[in-house]
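Q: Below is a structure I'd like to ask you about.
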Amino acid sequence: MRLLTAREMAFADENTIKLTGIPSLVLMENAGRTASQIILEKLDFSTAVVVAGSGNNGGDGLVIARYLLLAGKKVKVFILADSRKKLSEDNLKNLEIFETFGGEAYLIGQDKTGKLRSPIKEADIVIDAVFGTGFTPPVKGYREKVLQMINQYAKKVVAVDIPSGLSTDTGSINGTHITADITITFAYPKIAHVMYPACEYCGDVYVVDISIDRQYLKEFRRHLLEPSMLKLPYRTKNSHKYTYGHLLVVGGSKGKTGAVIMACRSATASGSGLVSAVVPQELDHIFETALVEEMTIPVDSRDGTFGKKAHDQIKKLIKNGKFTSVAVGMGMSVNENTVAVIERILKEKLPVVIDADGLNNLVLVDSFKEKLKKRKYPTVLTPHIGEFSRLTGISTREIAENMEETAKEFSAQTGVYVVLKGSRTVISTPEGNIYYSIRGNEGMATAGTGDVLAGILGTLVYRLGAEEGVKTGVYLHGLAGDVAGKFINRESMKATDLIDYIPDALDILSDFSFRYSFYTHIDPLKSVLDSYPERP
């Protein structure tokens, strides 16, 4: 499932019409017919008001109105224009068809907005077809008053393509906009449908196939992660523990031992054959007590953190071991010895995941970007926005507003995979691919969930390869959190709860099978998660 901007959608739409030869009216008919099907299936209503704009979004609304009329619903259409001459060609055509079917439609200029109040109040549902994905906020003039009226008086709101007033290409808010209960978008989801805070005003988002020709999307490399595009780890009968990898976890310091423990446990739960933790010698007894399936390897330490000899010991350990990947940085602390450990690990011929204090140490490595670029083996960085600010020198505000662009630029500069964590996670690859994940929930905003992700990624970058491992690892981590949130109050969720539900998340993904439909929820697992029992 690709995730598009307004420009990309317009490009695909225009080429489907002009080059493939599907008339725009056919695309509009496909959109409106399936949108009306969704409305009829998901909502119980008798009366509907369609508030339409003068452009093609309004034309979609008119097709919807016609099918609702055919379904026996009482429908009124109000078009925000004072003359039919101001309607787009396809909008006008569908208005004429709607009227031929006996539908009621009224033109509303700026001096007639008061006539909308009663119909909006009285209708069971209001369909917002004012502005589409090509609109650039803010909304001005009498149309702003109409949107405010819908928000104030409508019982239920269905937005056509995007809630009017939102910017398609960002999650930011700029002025008045519709708050929808359902948004029905066409062909592919757009960035506003998934990024906060805009996505909170979209309600349930459904994606309708309107027959856009996919050949025009090949150059667009932004995707929304969903189960059918994930590769899963699997086991064969003729195998042994080394078949599934030996992850080396490096980290820990006084007061932060839990970070390594959680990374080790999540690695085992996500399928690593063996897990060994390199930890400060003074703290080894803590790890020996807490870890059962996972092994510990104590190295030189001082004052509860890695000592001067640690980096050289790690070098020899990796040279003489059978390790298949490294996850480093969890609970590590920052000092000259930990910087030396990171610098040493960058030289190893293994896939490496760098998390937490590993990133804070990485910044202190001389010419760290050049050293990342020179690595011949996959490197995965898992920063939250604050850590990424330290890596890039870009402000947290600018990163938060431009997660995709900042991650993509850093990957291009350094050749690394970036897993940029926030309320949504954005993945960028050295090849320029971008993946957004909508998995996860607010219960995961707690200490240690990043350590759990590091362990999962450390396992899967070996099991599945770098790009597939990162995609699946991020999705699996968020899904484990979503399953945990069905059983545990999200105020009380802990990072270790995610580890407990990794097996459930793997089961859900293993059982998932893709079936083509004319429409789908933006989250293909919604029905599965909705059917999970609630917390007792």
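The values are calculated or read from the model by the stated rules, or taken from the named source; none is laboratory data. Please read these numbers as outputs of a predicted model, since none were measured by experiment. Using ideal geometry, Cβ is built from the backbone for each residue, glycine included, and neighbour counts are taken over all protein chains shown. What goes into the accessible areas is simple: the full protein's heavy atoms, side chains included, and nothing from ligands, DNA or RNA. Shrake-Rupley method; radii C 1.70, N 1.55, O 1.52, S 1.80 Å.
Q: Within the stretch 290-358, list the GluC sites (Glu not before Pro) lying in a DSSP loop whose Cβ has at most 16 other Cβ atoms in a 10 Å radius. Spell out each step's value before the answer.
A: On the way: sites: E293, E294, E336, E343, E348; in loops: E293, E294, E348.
Filter output for the stretch 290-358: E293.
Q: For a Förster distance of 22 Å, can you work out the FRET efficiency between the beta-carbons of D213 and R33, rounded to the nearest 0.05?
A: Values: r = 19 Å, r/R0 = 0.86.
With R0 = 22 Å, the Cβ-Cβ based efficiency is 0.70.
Q: Per-residue HN-Hα couplings for the stretch 309-321, Karplus 6.51 cos²θ - 1.76 cosθ + 1.60 at θ = phi - 60°, whole Hz, x for Gly and Pro?
A: Each residue of the stretch 309-321 in turn: 7, 4, 5, 6, 5, 5, 4, 5, 4, 5, 4, 9, x Hz.
Q: Here is a follow-up. Taking each pair of different alpha-carbon atoms in the chain once, compute 1/r for the pair, average those values, and report the inverse of that mean as the Kirkwood hydrodynamic radius in Å to one decimal. Provide the component values of the computation, followed by the final result.
A: On the way: mean 1/r = 0.0399 Å⁻¹.
25.1 Å is the Kirkwood radius here.
Q: Could you pull out the pairs from K316/K371; K86/K526; K308/K371; K376/K526; K254/K316 whose alpha carbons sit more than 31 Å apart here?
A: On the way: K316/K371 21 Å; K86/K526 41 Å; K308/K371 22 Å; K376/K526 39 Å; K254/K316 24 Å.
With Cα atoms farther than 31 Å apart: K86/K526; K376/K526.
Q: What residue among V278, G258, V339 has its Cα farthest toward the positive end of the dipole of the stretch 248-341, where the charges are +1 on Lys, Arg and -1 on Asp, Glu, each on the Cβ?
A: Looking along the dipole axis, the top candidate is V339.
Q: Tell me the per residue accessible area of the chain using a 1.4 Å probe; a whole number in Å² is fine. It would help to have the intermediate numbers written out before the result.
A: Details: 22690 Å² over 536 residues.
Roughly 42 Å² per residue, with all protein chains present.
Q: In bins 10 Å wide, starting from 0, what share of all Cα pairs of the stretch 258-401 does each bin hold, as a percent?
A: With 10 Å bins starting at 0, P(r) equals 11, 41, 36, 11, 1.
Q: From the C-alpha coordinates alone, can you work out the Kirkwood hydrodynamic radius of the stretch 293-357, in Å? Walk me through the numbers on the way to the answer.
A: Numbers: mean 1/r = 0.0816 Å⁻¹.
It works out to 12.3 Å.
Q: So, one more: Could you size up the charge dipole of the stretch 132-184 around its Cα centre, putting +1 on the beta carbon of Lys and Arg and -1 on that of Asp and Glu, and report it in debye to the nearest 20? Could the numbers behind the result be given before it?
A: On the way: 5 positive and 4 negative charges, 50 e Å.
For this selection, approximately 240 debye.
Q: Give me the percent of the accessible area of the chain that comes from carbon and sulfur atoms, probe 1.4 Å, all protein chains in place.
A: Carbon and sulfur atoms account for 48 percent of the accessible area of the chain.
Q: Shifting gears a bit: In straight Cα distance, which aspartates and glutamates are under 19 Å from K237, not counting same-chain residues fewer than 8 positions off?
A: Of all the aspartates and glutamates, those that pass the test against K237 - Cα under 19 Å, at least 8 places apart if same chain - are D507.
Q: Loop only per DSSP, at most 14 neighbouring Cβ atoms within 10 Å: give me the chymotrypsin sites (Phe, Trp or Tyr not before Pro) in the stretch 467-521, ordered by residue number. All intermediate terms of the calculation are to be shown ahead of the outcome.
A: On the way: sites: Y475, F487, Y501, F512, F514, Y516, F518, Y519; in loops: Y501, F512, F514, Y516, F518.
Of the chymotrypsin sites (Phe, Trp or Tyr not before Pro), the ones in loops of the stretch 467-521 whose Cβ has at most 14 other Cβ atoms within 10 Å are F514, Y516, F518.
Q: Let me ask you something else. Which entries of K241/K408; K93/K156; K349/K494; K115/K155; K18/K190; K231/K319 show an alpha-carbon separation above 26 angstrom in the structure shown?
A: Working: K241/K408 36 Å; K93/K156 28 Å; K349/K494 34 Å; K115/K155 18 Å; K18/K190 23 Å; K231/K319 30 Å.
Table pairs above 26 Å Cα-Cα are K241/K408; K93/K156; K349/K494; K231/K319.
Q: The stretch 379-478: Rg/Rh from Cα coordinates, Kirkwood Rh?
A: On the way: Rg = 12.5 Å, Rh = 13.4 Å.
That ratio is 0.93, to two decimals.
Q: Can you compute the helix-only [θ] at 222 nm over the chain? Use -39500 (n - 2.57) per DSSP H run of at least 4 residues, normalise by all residues, nearest 500 deg cm²/dmol.
A: Value at 222 nm, helices only: -12000 deg cm²/dmol.
Q: Given N residues in the stretch 341-428, what is its alpha carbon radius of gyration divided by 2.2 N^0.38 Å?
A: Values: Rg = 12.0 Å, N = 88, 2.2 N^0.38 = 12.1 Å.
Its radius of gyration relative to the 2.2 N^0.38 Å reference: 1.00.
Q: OK, next. List the residues, sorted by chain then number, that are 5 or more residues from H223 or on another chain and whose placed amide H is less than 5 Å from its amide H.
A: L3, I434, Y435, Y436
Q: Once all Cα-Cα distances of the stretch 120-267 are split into 10 Å bins that start at 0, what whole-number percent is in each one?
A: Binned Cα distances yield the sequence 10, 27, 20, 15, 16, 10, 2, 0.
Q: Got the relative contact order for the chain handy, in percent, Cα pairs under 8 Å and 6 or more residues apart?
A: Values: 1155 pairs, mean separation 64.6, N = 536.
Dividing the mean separation by the residue count of the chain yields 12 percent.
Q: Still on this model: Tell me, what is a quarter of the convex hull surface for the C-alpha atoms of the stretch 1-91, in nm² with one decimal? Numbers along the way, then the final one.
A: Working: hull surface 28.5 nm².
That works out to 7.1 nm².
Q: When ranked by the protection proxy of mean other Cβ atoms within 10 Å per residue, highest first, what sequence do the peptides 423-435, 321-333, 92-104 form? Write down the numbers at each step before the final one.
A: Details: 423-435: 19.9, 321-333: 25.3, 92-104: 16.3.
Result, highest mean first: 321-333, 423-435, 92-104.
Q: Let me ask you something else. Between the stretch 306-340 and the stretch 422-436, how far is it from one alpha carbon centroid to the other, in angstrom?
A: So the separation of the two Cα centres works out to 28 Å.
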